[in-house]
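The values are calculated or read from the model by the stated rules, or taken from the named source; none is laboratory data. All figures in this text were calculated on a predicted structure; none of them were measured in a lab. Heads up, the Cβs are rebuilt from the backbone with ideal geometry, glycines too, and the neighbour counts pull from every protein chain shown.
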Amino acid sequence: MTPDDSTLRDQGLAPQGAGKVLLLACGALAREILAVKEGNGWDHMTLACLPAILHNTPEKIVPAVRDAVAKHRDSFDKIFVVYADCGTGGLLKAACDEMGVDMVDGPHCYSFYDGNAAFEARNEVTSFYLTDFLCRQFDAFVTKPLGLDRHPELRDMYFGNYEKLVYQAQSRDAALEEKAKACAEFLGLEYEYRFTGYGDLETALTSQA
Amino acid sequence: MSDEEDDIILSELDDEELVAQMFDDLYDGLKEEIEEGVNILLERKWEPYDVLTKALVGGMTIVGNDFRDGILFVPEVLLAANAMKGGMAILKPLLIETGAPRVGKMVIGTVKGDIHDIGKNLVGMMMEGAGFEVIDLGINNSVEAYLDALAAETPDILGMSALLTTTMPYMKVVIDTMVEKGIRDDYTVLVGGAPLNEEFGKAIGADAYCRDAAVAVETAKEFMSRKHNQMAAG
């Protein structure tokens, strides 16, 4: 069963499943990973998640991944870190190399959902991205931490250089699309819908299957 | 703020109380109050440079320290910066008129592909507060833009900022080009931005990585002082 978003955001997820390959992931990817895993019948994989809110403090990601790998490594045959660089400036890759575990290629989930090559080719400097998870959790990840609920006048200091909000949809969901449109309006940005599905996330998980 | 504090009349405070109140107002991001405080101190014949350093920079230093220590967060720092900006707008022309001491000159901008300028703006403002002349190139700067500005402005320091893992390697492109052209050692190169770290700064050949605006100011001052010492010795 998929845990609720607020649990994935603040607490993450303890290992779920009996498989001997541990997918150690960002909580923001839980639903999508479980969908890919179930769709492919990969019962040998177990999912554990770190709190998705680490997205907002990337400097905490590497220590959290290190701790989790150390904690779980004796209980599993293999660990795959389902994070991209995610603002760690190459430090997560260096840590994974040192620990002898693989991770997802690419700078962040917006890139691997789109497909890393396609994302790079777009060269969209002035786009702000939402995924399904971030759209559902927009207030917790954007509005509140940036203080826009208390100080809406700060909006243009944060977003004044952006031009559009791109909603990268992993699933077809009309309600989420409406919400993404409202988020774009709230931020004063143009809106674009882009269905990505699971992109390179599925490719990366397949490589570990 | 409490009702009691709302009733404070800035002009009735003595200098010491007023500066202390301005520290509080800056901390609370109260732009109008800061502008009023600056004007009162100027009416009391304070030198613009003293208003800047004793009231504004002093207050922003507390904000910077509390940000570093995890007591304040980005929104509060931005509000404080916005309040300081209000005070700076009053002081800037007066500082030029009165020939306030200039510590050095800096060209600063975010690198190509990066539009995130909050950190760069904070650094620029704090550098101005510390007596540096700051030439702000804005966002998304190519090698050519940086080199043109270096040639035109002949600053002491080049500051480059990036928020993205994908754009930070461009700093190396800029530094490598400076090396190729034989101008790298003519400038102190400072780099900063959330995904950077000290190792990265060293690896790309920068003089220093600056974790935040306060560190940038201290580092810049240190390099200027070394430069002056070298010139004195040479």
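Considering (1) assigned to a loop (DSSP other than H, G, I, E, B); (2) touching a Lys or Arg at 6+ places or on another chain (Cβ under 9 Å), the lone condition that B:N82 does not fulfil carries the number (1). Reported count of residues in region A:26-74, each being among the β-branched types (V, I, T) and not in a helix (DSSP H, G or I), is 2.
Filtering region B:153-173 to residues that are within 14 Å of another protein chain (Cβ to nearest Cβ), among the polar types (S, T, N, Q) and within 30 Å of B:H228 (Cα to Cα) leaves only B:S161.
For B:E76, state whether it is in the same structural domain as B:L18 (by TED's automatic domain parsing), over 30 Å from B:G193 (Cβ atoms), part of a helix (DSSP H, G or I) and of a type in the set (D, E, K, R).
Numbers: in the same structural domain as B:L18 (by TED's automatic domain parsing): yes; over 30 Å from B:G193 (Cβ atoms): no; part of a helix (DSSP H, G or I): yes; of a type in the set (D, E, K, R): yes.
So B:E76 does not fit the description; no.
Go through A:T2, A:T57 for me and flag whichever is surrounded by fewer than 22 Cβ atoms within 10 Å (Cβ to Cβ) and without any contact (Cβ under 8 Å) to a residue 12 or more places away in the chain. None of the others qualify; the one that does is A:T57. Look at (1) hydroxyl-bearing (S, T, Y); (2) farther than 24 Å from A:L8 by Cβ; (3) within 11 Å of chain B (Cβ to nearest Cβ) and you find that A:Y191 fails only one, number (3).
Among the criteria (1) within 13 Å of another protein chain (Cβ to nearest Cβ); (2) within 22 Å of B:M224 (Cβ to Cβ), the one B:V111 does not fulfil is (2). Candidates are the residues of region A:125-137 that are within 14 Å of chain B (Cβ to nearest Cβ) and of a type in the set (S, T, Y); the one that is nearest to A:A169 (Cα to Cα) is A:Y129.
When region B:102-122 is limited to residues that are under 18 Å from B:D156 (Cα atoms) and basic (K, R), the one that is modelled with the lowest pLDDT turns out to be B:R102. Taken over region B:187-214, the residue count meeting the criterion of being without any contact (Cβ under 8 Å) to a residue 12 or more places away in the chain and within 17 Å of B:I108 (Cβ to Cβ) is 1. Could you list, in sequence order, the residues of region B:97-124 that are free of Cβ contacts under 8 Å to residues at least 40 places away in the same chain and among the small types (G, A, S)? Hits for region B:97-124 are B:G99, B:G124. Among residues of region A:138-161 being closer than 24 Å to A:S6 by Cα and among the aromatic types (F, W, Y), the one that is nearest to the other protein chains (Cβ to nearest Cβ) is A:F141. Looking at the structure I just gave you, is A:L165 touching a strand residue (DSSP E or B) at 6+ places or on another chain (Cβ under 9 Å), closer than 30 Å to B:G29 by Cβ, buried (at least 21 other Cβ atoms within 10 Å of the Cβ) and modelled with pLDDT of 95 or more? Taking the combined requirement at face value, the residue satisfies it. Kindly indicate whether any position in region B:137-144 is within 14 Å of another protein chain (Cβ to nearest Cβ) and closer than 29 Å to B:G99 by Cβ. Scanning region B:137-144 turns up at least one residue that is within 14 Å of another protein chain (Cβ to nearest Cβ) and closer than 29 Å to B:G99 by Cβ. The residues of region B:54-73 that are surrounded by fewer than 18 Cβ atoms within 10 Å (Cβ to Cβ), on the phi < 0 side of the Ramachandran plot and either out of contact with any helix residue (DSSP H, G or I) (no Cβ under 9 Å at 6 or more places or on another chain) or within 14 Å of chain A (Cβ to nearest Cβ) (or both), listed by number, are B:R68, B:D69, B:F73. From the list B:M88, B:M160, B:M84, exactly one residue is touching a helix residue (DSSP H, G or I) at 6+ places or on another chain (Cβ under 9 Å) and in the same structural domain as B:F223 (by TED's automatic domain parsing). Which is it? It is B:M160.
The set of residues from region A:154-200 being small (G, A, S), farther than 17 Å from A:F138 by Cβ and in contact with a helix residue (DSSP H, G or I) (Cβ under 7 Å, 6 or more places away or on another chain) comprises just one member, A:G199.
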